[in-house]
1. How many residues are surrounded by fewer than 10 Cβ atoms within 10 Å (Cβ to Cβ) and modelled with pLDDT under 70 if we restrict to the range 76-107?
2. Provide a single number: the residues in the range 18-56 that are closer than 27 Å to SER102 by Cα, part of a helix (DSSP H, G or I) and within 13 Å of the chain's Cα centre (by Cα).
3. When you check ARG69 against the structure, is it over 16 Å from PRO98 (Cβ atoms) and part of a loop (DSSP other than H, G, I, E, B), yes or no?
4. Any idea which of (1) open to solvent by 70 Å² or more (accessible area, probe 1.4 Å); (2) in contact with a Phe, Trp or Tyr (Cβ under 6 Å, 6 or more places away or on another chain) is the one GLN13 doesn't satisfy?
5. Any chance the range 62-71 includes a residue that's surrounded by 17 or more Cβ atoms within 10 Å (Cβ to Cβ), out of contact with any Lys or Arg (no Cβ under 9 Å at 6 or more places or on another chain) and touching a residue at least 60 places away in the same chain (Cβ under 8 Å)?
6. Here's a check for you: in the range 18-56, which residue that is among the aromatic types (Phe, Trp, Tyr) and over 15 Å from GLU5 (Cα atoms) is most open to solvent (accessible area, probe 1.4 Å)?
Amino acid sequence: MTDTEKRALFAAQILPDEDTDAVLDAMLTNAAALILNRMYPFGYPDGTAVPARYEQLQIQLAVELYSKRGAEGQTGHNENGISRSWPEKSQLLAQIMPHCGSVISNA
C-alpha cells in the first residue's frame, strides 16, 4: 500500500474532521515509528518500512493518535460530567510480534 493510499484511508476514518496532508502524514509516521519500535526493541536500520501485515494497524494507530491530539499523555480528566483517561500504551501495540534473531557463537 502506498503512502497516498494510507493517507486516503486515514482521512476517511477521521471524517467529518479534515486536516492537512502534512498532519496526516505526521500521524502515519508516528504510528509507523511505534510499530517499528515494538517490532525491533533494540533499534532498527534506517529505511525500515512497516511490513504489509501491519499497514492497517498503522492506520488504526494513526487514528488513535489523531483522536488524542491536544490531550497527549492524558491520564485523567473530568469536566462537566465528561471523564477521559488514556491507557499508558495502546492496546493495538499488543498485536505486534517483536522481531527476534539468534546469537551465533564460535565457541
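The values are calculated or read from the model by the stated rules, or taken from the named source; none is laboratory data. Only a predicted model underlies this, so the values are computations on that prediction, with no experimental measurement involved. Methodologically, a virtual Cβ is constructed for each residue, glycine included, from the backbone with ideal geometry; neighbour enumeration extends over all protein chains shown. These accessible areas exclude ligands, DNA and RNA; they are computed on the full protein's heavy atoms, side chains included. Shrake-Rupley method; radii C 1.70, N 1.55, O 1.52, S 1.80 Å.
1. Matching residues across the range 76-107 total 5.
2. Keep residues of the range 18-56 that are closer than 27 Å to SER102 by Cα, which gives 32-55.
Imposing the further condition that a residue be part of a helix (DSSP H, G or I) reduces the set to 32-39, 52-55.
This time we only want the ones that are within 13 Å of the chain's Cα centre (by Cα), so: 32-39, 54-55.
Here the count works out to 10.
3. On the way: over 16 Å from PRO98 (Cβ atoms): yes; part of a loop (DSSP other than H, G, I, E, B): yes.
It is true that ARG69 is over 16 Å from PRO98 (Cβ atoms) and part of a loop (DSSP other than H, G, I, E, B).
4. Tallying (1) open to solvent by 70 Å² or more (accessible area, probe 1.4 Å); (2) in contact with a Phe, Trp or Tyr (Cβ under 6 Å, 6 or more places away or on another chain), GLN13 fails exactly one: (2).
5. Taking every residue of the range 62-71 in turn, none turns out to be surrounded by 17 or more Cβ atoms within 10 Å (Cβ to Cβ), out of contact with any Lys or Arg (no Cβ under 9 Å at 6 or more places or on another chain) and touching a residue at least 60 places away in the same chain (Cβ under 8 Å).
6. Here is the first cut: in the range 18-56, the ones among the aromatic types (Phe, Trp, Tyr) are 40, 42, 44, 54.
Retained after the next criterion (residues that are over 15 Å from GLU5 (Cα atoms)): 40, 42, 44.
Details: TYR40: 53, PHE42: 203, TYR44: 75 Å².
Ranking the candidates gives PHE42 first.
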